[in-house]
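What follows is a single structure, written as structure tokens, with notes after it.
The values are calculated or read from the model by the stated rules, or taken from the named source; none is laboratory data. What you see is a predicted model; the values in this text were computed from it and never measured. Every residue, glycine as well, gets a Cβ built from its backbone with ideal geometry; the counts of neighbours run over all protein chains shown.
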């Protein structure tokens, strides 16, 4: 195992700290790294929406691969529109961090993910495109075993740290990583 650094931003510009996170192989060729954007969407109770794509077993955040020339935030907005039929305003997305983890559905690949959190809550979800199932997850509770490594090993711990910090700032006013 090789370790890599992950970082998050806390409210009001505070540093979230750095920690070493295990990654299968940090020295892989560029062809085995998949660049993605993902979005943390919550309901009024603070639960996080997870999705499972058709033909897969792991739940993950809504999102996906970047199109050529597309910025991470543009990819996040487009993927949520395609997968969930929701139109997000890019200005309402706060960058939670950039994380690297083994890909859940592409053996031997690593995902390099820019993860955003939406400054809005959802109640009804209408899965579309390749989404086979949607499930709400309370990040304060023990995690199910069917989560993608990116979500279980990086995003949920980052959310827990962020949520535990005082005076949680609105997503639109928090600086990006």
Review point. What residue, among those in the range 61-70 that are touching a helix residue (DSSP H, G or I) at 6+ places or on another chain (Cβ under 6 Å) and part of a strand (DSSP E or B), is surrounded by the fewest Cβ atoms within 10 Å (Cβ to Cβ)?
Key: 64
Check your understanding: Hey, among 52, 35, 58, which residue is out of contact with any helix residue (DSSP H, G or I) (no Cβ under 9 Å at 6 or more places or on another chain) and more than 16 Å from residue 159 (Cα to Cα)?
Key -> 52
Review point. Any idea which residue in the range 71-88 is nearest to residue 132 (Cα to Cα), counting only those that are in contact with a helix residue (DSSP H, G or I) (Cβ under 8 Å, 6 or more places away or on another chain) and either touching a residue at least 60 places away in the same chain (Cβ under 8 Å) or in a loop (DSSP other than H, G, I, E, B) (or both)?
Key: 86
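Any idea which of 83, 106 is within 21 Å of residue 148 (Cα to Cα), surrounded by 21 or more Cβ atoms within 10 Å (Cβ to Cβ) and at pLDDT below 95?
When all the criteria are applied, what remains is 83.
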